[in-house]
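The values are calculated or read from the model by the stated rules, or taken from the named source; none is laboratory data. The model shown is predicted, which means the values in this text are computed figures rather than measured ones. Note: ideal-geometry Cβ built from the backbone for every residue, glycine included; neighbour counts use all protein chains shown.
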Amino acid sequence: MNSINRISGVHTATYLPVDIAAEQQNARVYGNEPHPAGKIALGLESVSLSFGGVVALENIDLSVRPGEIRAIIGPNGAGKSSLINVISGVYRPDRGHVRIGHDRFTNVPTQKLVHLGVARTFQNLALFKGLSVTDNVMSGRAHKARSTFLGQIFGIGRSPSEEVDAHDRAAKILKFLNLTDVGNRLAGTLPYGLQKRVELARALVAEPALLLLDEPMAGLAEPEKVEMTKFIRAANREYGTTIVLIEHDIGVVMELSHYIAVFDYGRKIADGTPEEVRADQKVIDAYLGVAAENIDGGGI
Amino acid sequence: MTIATLEAIPTSYTPRWLTPVLLLGIAYLIIPLVGTSYLFEAILLPFLALSLAGVGLNILTGYAGQVSLGSAAFLAVGAFAAYNFNLRIDGLPILGSIFLSGVVAAAIGIVFGLPSLRLRGFYLAVSTLAAQFFVQWALTKFSWFSNNSASGVIDAPPLSIAGVEFNSAVGRYLFSLTIVAVLTFLAYRLVLSQTGRNFIAVRDNETAARIIGVPVLKTKLIAFGVSSFVIGIAGVLWAFAYLRTVEPAGFNLDRSFQILFIIIIGGLASIRGAFFGAALLVVTPLILSRVGSFLLGDFFDSGVLDMSQRIVLGGLIILFLILEPDGLVSFWDRIRKRTTTRLLRQ
Ligand SMILES: Nc1ncnc2c1ncn2[C@@H]1O[C@H](COP(=O)(O)OP(=O)(O)OP(=O)(O)O)[C@@H](O)[C@H]1O
Ligand SMILES: [Mg+2]
């Protein structure tokens with residue numbers, strides 16, 4: 001809320017609906033200049049965010065290269081979800097910039113996110129409970145639809161082929177994630193672990209270049225975790241998807257990630273390979289050594 | 001708010017089209033032969049118009065999740081727009097007037113839908129009251145809309161298509177039935193399309209919908225437009241086929257609530273639900289009034305009877321919603337499932 005108010009303070013068009021305002025600003029500061037440090041898929045530059053007195057993110061720099069699996073770990077309330085919310089435009093940072101591919105934003109335009117090649121899942125499930133599993137996944141192709149609603153009603157123009165295409169792609173992803181059997185079930189009626197997987201399917205069907213996963217394993221039983229790990233690695237290897245992974249299960253994190261960034265109280269206290277991070281004294285103090293219950297406690 | 005959840009699952013072993021086709025067969029071939037004029041005038045004509053209004057509101061509220069208390073306003077817009085198109089454009093066929101009145105209702109619906117881009121839930125519902133009061137006020141205030149008649153009363157023009165008259169009770173029934181059948185079919189196509197999925201996505205999780213690239217603003221405005229289009233045409237049927245004489249005061253907040261009750265009782269996010277709900281809300285008062293005047297008519301005047309009927313109806317609605325929060329549709333589907341399994345077991 002705070003961040004939305006801030007928008008109205010800066011810009012005069014306060015009467016506009018939030019996302020019209022977002023599109024108008026679309027704060028693309030620098031256009032298409034290449035990043036000095038070479039190719040990056042995602043970059044955060046001095047991003048800060050606070051809620052009233054609570055500092056969720058403090059001066060965060062982060063750079064993720066294409067094809068990388070980057071884990072974000074840290075105790076509850078460290079600011080991990082806030083980071084993903086800033087990247088996906090759900091929260092607007094107080095300061096700093098977010099770079100996605102070649103574009104640099106002060107506020108990421110949520111409505112255009114998928115066109116920038118970004119998809120995400122949510123820590124708290126955000127499925128469409130009243131749609132079937134297949135329809136949930138098909139809705140991940142909504143951004144591709146060019147047909148009008150009249151074309152869809154009368155089944156003319158592009159609409160039939162779009163429908164077939166969305167359905168086929170959804171079926172393919174469902175098969176990939178072993179969800180074919182529950183395709184006709186309403187998403188809201190599935191057990192928690194399967195819902196998590198449907199969320200992954202809905203994100204993957206958009207064929208994102210960058211995938212943001214907020215605790216995909218939280219609440220899963222051990223065998224489900226093993227499967228989910230397999231899917232995430234496959235998405236990364238087979239589709240070359242860059243992945244930002246928030247996860248409390250250190251075993252999973254060490255196994256999957258190329259690089260790990262460690263957060264504590266809104267600050268990034270370490271960033272490096274799994275080996276480097278494991279050996280870092282600050283990390284051991286703040287997280288690994290001390291609060292063992294945090295490791296897979298996982299606030300949901 | 002509960003949602004009829006069964007429609008996404010194939011519950012029956014019969015093909016989907018079979019029941020509607022059978023029902024239409026009965027409606028077209030058998031009912032006109034056996035129906036009395038009481039059946040048409042008092043039951044089927046209001047049932048058809050209200051069902052269609054329910055289908056329209058269900059698109060907006062049941063599917064797209066935008067609560068509206070302004071349905072009666074769009075009924076009125078449809079009725080008065082069709083009246084004026086018919087009156088003022090020479091040679092425009094009645095179906096042309098009806099279609100254009102739907103377009104006018106859609107345009108006004110989109111305008112009154114603009115607050116939905118900012119407001120949600122209860123606040124949006126309150127803002128749709130603006131439509132309700134504004135339309136009634138405008139139709140009463142500017143007598144042009146009713147061709148300068150006293151207190152805004154309008155009389156329906158004769159209904160004829162290509163020289164065929166539809167002015168008898170059966171004729172008006174067939175006229176309404178056809179329009180309701182066609183629009184219901186199109187509404188059904190819509191809710192199963194990509195746009196229909198977008199409706200539910202926006203309803204169930206607006207943030208997630210925006211993030212995956214559902215055009216949220218456009219989707220809401222389409223819902224308002226299509227819903228008002230359908231409700232507007234329901235208004236024409238209400239005025240031209242059912243009552244034949246209407247005034248703005250008839251399209252009051254009570255009527256808006258009636259349509260909202262129809263979809264809540266019938267089942268939100270269900271096309272069939274609108275028909276179930278309308279049937280219940282049209283037939284129950286008739287039964288109650290018969291029973292009431294039969295049992296108590298000697299002791300109480302009609303005002304008391306009327307009031308007690310409303311209380312009983314309200315009580316029944318509350319009781320029903322407690323027992324079956326997902327509406328008549330899910331009640332019906334459960335019964336059907338149970339009987340099918342029992343039949344299969346034998
Ligand atoms: N919408 C919000 N309004 C107010 N405060 C918020 C909001 N979102 C996050 N915060 C606060 O910001 C801080 C960081 O929260 P965040 O959700 O990012 O933590 P996290 O690292 O994801 O924690 P967890 O592991 O529990 O998910 C917390 O103190 C939290 O209370
Ligand atoms: Mg979190």
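Things worth noting here:
- Boolean, B:Gly277 is at positive phi and in contact (Cβ under 8 Å) with a residue 60 or more places away in the chain: no
- Boolean, A:Leu44 is part of a strand (DSSP E or B), over 25 Å from A:Ser139 (Cβ atoms), within 16 Å of ligand 2 (Cβ to nearest atom) and modelled with pLDDT of 95 or more: no
- Given (1) within 29 Å of B:Ser151 (Cα to Cα); (2) at the interface with chain A (Cβ under 9 Å from one of its Cβ atoms); (3) of a type outside the set (Ser, Thr, Tyr), number of the condition B:Leu253 does not satisfy: (2)
- Hits in the stretch B:78-98 (condition: surrounded by fewer than 17 Cβ atoms within 10 Å (Cβ to Cβ) and touching a residue at least 40 places away in the same chain (Cβ under 8 Å)): B:Leu87, B:Pro93, B:Leu95
- Checked against (1) in contact with a helix residue (DSSP H, G or I) (Cβ under 8 Å, 6 or more places away or on another chain); (2) modelled with pLDDT of 95 or more; (3) in a loop (DSSP other than H, G, I, E, B); (4) away from ligand 1 (no atom under 16 Å from the Cβ), A:Leu16 passes all but a single condition, namely (2).
- Tallying residues that are free of Cβ contacts under 8 Å to residues at least 12 places away in the same chain and closer than 30 Å to B:Gly62 by Cβ within the stretch B:134-159 yields 2.
- Hey, A:Ile269 buried (at least 21 other Cβ atoms within 10 Å of the Cβ), among the hydrophobic types (A, V, I, L, M, F, W, C) and either outside any helix (DSSP H, G or I) or touching a residue at least 24 places away in the same chain (Cβ under 8 Å) (or both) or not: no
- Failed item, numbered, when A:Gln111 is tested on (1) at pLDDT below 95; (2) more than 16 Å from ligand 2 (Cβ to nearest atom); (3) more than 10 Å from every other protein chain (Cβ to nearest Cβ): (3)
- Residue selected from the stretch A:250-266 under the condition surrounded by 21 or more Cβ atoms within 10 Å (Cβ to Cβ) and part of a loop (DSSP other than H, G, I, E, B), by the criterion nearest to ligand 1 (Cβ to nearest atom): A:Gly266
- Among residues that are more than 30 Å from A:Lys268 (Cα to Cα) and in a loop (DSSP other than H, G, I, E, B), A:Gly130 is included.
- A count restricted to the stretch A:61-97 and to residues that are of a type outside the set (Phe, Trp, Tyr), more than 10 Å from ligand 2 (Cβ to nearest atom) and within 27 Å of A:Ala218 (Cα to Cα) stands at 20.
- Residue ID - nearest to the chain's Cα centre (by Cα), chosen from residues in the stretch A:123-133 that are crowded, with 24+ Cβ neighbours inside 10 Å and either farther than 30 Å from A:Ala218 by Cα or more than 7 Å from chain B (Cβ to nearest Cβ) (or both): A:Leu127
- A:Gly38 being in a loop (DSSP other than H, G, I, E, B), at pLDDT 95 or above and on the phi > 0 side of the Ramachandran plot: no
- Considering (1) closer than 30 Å to B:Ala169 by Cβ; (2) over 19 Å from the mean Cα position of the chain (by Cα), the lone condition that B:Val236 does not fulfil carries the number (2).
- Lone qualifier among A:Val90, A:Val64 - being among the β-branched types (Val, Ile, Thr) and either more than 18 Å from the chain's Cα centre (by Cα) or more than 8 Å from chain B (Cβ to nearest Cβ) (or both): A:Val64
Each row is one residue, and each column tells you yes or no for (1) more than 16 Å from ligand 2 (Cβ to nearest atom); (2) more than 10 Å from chain B (Cβ to nearest Cβ); (3) in contact with a helix residue (DSSP H, G or I) (Cβ under 9 Å, 6 or more places away or on another chain).
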{"position": "A:Gly52", "(1), (2), (3)": "yes, yes, yes"}
{"position": "A:Val55", "(1), (2), (3)": "no, yes, no"}
{"position": "A:Gly101", "(1), (2), (3)": "yes, yes, yes"}
{"position": "A:Thr121", "(1), (2), (3)": "no, no, yes"}
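Rundown of residues vs (1) modelled with pLDDT of 95 or more; (2) within 30 Å of A:Val55 (Cβ to Cβ); (3) touching a His at 6+ places or on another chain (Cβ under 7 Å), yes/no style:
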| residue | (1), (2), (3) |
| --- | --- |
| A:Leu213 | yes, yes, no |
| A:Met217 | no, yes, no |
| A:Arg233 | yes, no, no |
| A:Met254 | no, yes, no |
| A:Arg278 | no, yes, no |
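- Selected residue (criterion: modelled with the highest pLDDT) from residues of the stretch A:280-300 that are assigned to a loop (DSSP other than H, G, I, E, B) and within 13 Å of ligand 1 (Cβ to nearest atom): A:Ala291
- Scope the stretch B:22-39; condition without any contact (Cβ under 8 Å) to a residue 60 or more places away in the chain and outside any helix (DSSP H, G or I); matching residues: B:Thr36
- All positions within the stretch A:74-87 that are within 9 Å of ligand 1 (Cβ to nearest atom) and either away from chain B (no Cβ under 14 Å) or free of Cβ contacts under 8 Å to residues at least 60 places away in the same chain (or both): A:Gly74, A:Pro75, A:Asn76, A:Gly77, A:Ala78, A:Gly79, A:Lys80, A:Ser82, A:Leu83, A:Asn85
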